[in-house]
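Just below is one structure, and these are the notes that go with it.
The values are calculated or read from the model by the stated rules, or taken from the named source; none is laboratory data. None of the values given here were measured: they were computed from a predicted structure. As a convention, Cβ positions derive from the backbone with ideal geometry for all residues, glycine included, and neighbour counts pool all protein chains shown. Each accessible area value is taken on the protein alone, full model and side chains, heavy atoms only, with ligands, DNA and RNA left out. Shrake-Rupley method; radii C 1.70, N 1.55, O 1.52, S 1.80 Å.
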Amino acid sequence: AQTVTQSQPEMSVQEAETVTLSCTYDTSESDYYLFWYKQPPSRQMILVIRQEAYKQQNATENRFSVNFQKAAKSFSLKISDSQLGDAAMYFCAYRSLSGGGADGLTFGKGTHLIIQP
Amino acid sequence: NAGVMQNPRHLVRRRGQEARLRCSPMKGHSHVYWYRQLPEEGLKFMVYLQKENIIDESGMPKERFSAEFPKEGPSILRIQQVVRGDSAAYFCASSRTVNTEAFFGQGTRLTVV
C-alpha cells in the first residue's frame, strides 16, 4: 500500500516571501500521479498542481511549482511571493495508475500554512 | 457548469439514526469517489463508483456503510446506526474518466450527538 508523509504540521511565512512544503511517499510502482491540494477554511478541496511520474520536468502553475525527485520519492511544493489568500491546509496526494487509475487518492495528513502580514 | 454538489452541508444525527449523504457529480462525469476526513487528518478514500457499479470499496467499513450511484440521480453514501466515531467531513469527488482530474465537492460535515 502507498503512504504519503507530510512532516511539517504547520509552516509560517511572511507575505511576499517564498515557502516550501515537503512531501515524501512510499510506493513500489513506477507509474502514478502526484498532487497538491489546498483546503481553505471553507473546506473546499482545490487542486493546486499535478505531476505525472513519467515526466521529468517539474510542474509549474503561476506562483506554485514542485520539486519532484522520483528516486528519492520526494514531491515538495514551493509557493513564491506568498499572499494572504494562500493561507490554508495543504495536502499532498498520490494516485496509482496500476489499477487503470481506479484507485482513489492517498493523502498525507496536511500542512497548515500561515501567512504573516 | 456547476461543480460537484453535495448536500446537506451539515448534518446532525443522534446515535442509532441513519445518515444519507448525497453527491451530484459534475455534468458529464460518470466516476464518483467518496472520502472521509477526520479532524486534523487528511482525506481517506472510502469507495469508487461508476454508474450503477461499485468499482472499489476497499476503504469502506464493512458494516453500516453503503454507497450507490444509480443510473439516474445522485450518488448516495448511507451510514446506518451512526455512532460518535462517524462524526467527520465526508467529501465526494467526480471525474470524467478514470485518468482525468477529479473535482471535489464542499463536503458534508456529519455530527453524531
Pick out which of A:Ser76, A:Ser12, A:Ser22 has the largest mean-square fluctuation in a Gaussian network model of chain A, springs linking Cα atoms closer than 10 Å.
A:Ser12
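I need to check one value: relative contact order of the range B:32-113, counting alpha carbon pairs closer than 8 Å and at least 6 residues apart, in percent.
Details: 153 pairs, mean separation 21.8, N = 82.
Relative CO of the range B:32-113 lands at 27 percent.
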List the residues of the range B:43-62 that lose 50 Å² or more of accessible area once all protein chains are present, compared with their chain alone (1.4 Å probe, heavy atoms only, no ligands or nucleic acids).
B:Leu43
Taking 0.36 nm per residue of separation and subtracting the Cα-Cα distance, what length does fully extending A:Gln2 through A:Gln69 add?
22.5 nm
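Quick one: putting +1 on the C-beta of Lys and Arg, -1 on the C-beta of Asp and Glu, what dipole do you get for chain B around its Cα centre, in Debye to the nearest 20? Show your work: numbers first, answer last.
Numbers: 17 positive and 11 negative charges, 84 e Å.
With Lys and Arg at +1 and Asp and Glu at -1, about 400 debye.
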Rotationally averaged projected area of the protein assembly as shown (alpha carbon convex hull; nm²)
12.7
Restricting things to Cα coordinates, could you compute the convex hull volume per residue of chain A in Å³?
96
Quickly work out the A:Asp31-to-B:Arg20 label distance, labels modelled 7 Å from Cα along the C-beta direction, and quote it in nm with one decimal.
4.0
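With a 1.4 Å probe and all protein chains left in place, how much accessible area per residue does chain A have, in Å²? Present the calculation step by step, with values, prior to reporting the outcome.
Numbers: 5490 Å² over 117 residues.
Per-residue accessible area for chain A comes out at 47 Å².
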Which ³J(HN,Hα) values, rounded to whole Hz and listed in residue order, are derived for the range B:58-67 from phi using the Karplus coefficients 6.51, -1.76 and 1.60 in 6.51 cos²θ - 1.76 cosθ + 1.60 with θ = phi - 60°, glycine and proline given as x?
5, x, 8, x, 5, 10, 6, 9, 8, 9
Tally Lys and Arg at +1 and Asp and Glu at -1 over the other residues with C-beta under 12 Å from the C-beta of A:Tyr37: what net charge comes out?
+3
Using the Karplus curve 6.51 cos²θ - 1.76 cosθ + 1.60 with θ = phi - 60°, what ³J(HN,Hα) values do you get for each residue of the range A:86-94, in whole Hz, with x for Gly and Pro?
7, 4, 4, 8, 10, 10, 8, 9, 10
Largest-first semi-axes in Å of the equivalent ellipsoid built from the Cα gyration tensor of the range B:1-89 are 21, 14, 13
Buried solvent-accessible surface, both chains (A, B), 1.4 Å probe, Å² to nearest 100:
1900
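Report the charge-dipole magnitude of chain A in Debye, nearest 20, computed about the Cα centre from +1 at each Lys and Arg Cβ and -1 at each Asp and Glu Cβ. It would help to have the intermediate numbers written out before the result.
Working: 10 positive and 11 negative charges, 26 e Å.
The dipole of chain A has a size of about 120 debye.
Quick one: work out Rg over Rh on the C-alpha atoms of the range B:44-112, Rh as Kirkwood radius. The partial results should precede the final answer.
Working: Rg = 12.5 Å, Rh = 13.1 Å.
Here Rg/Rh amounts to 0.95.
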Between B:Met5 and residues 5 or more places away or on another chain, the pairs with built amide H atoms under 5 Å apart involve B:Ser24
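Can you tell me the relative contact order of chain A? Whole percent, Cα pairs under 8 Å, sequence separation 6 or more. Write out the running numbers ahead of the final one.
Values: 286 pairs, mean separation 43.0, N = 117.
37 percent.
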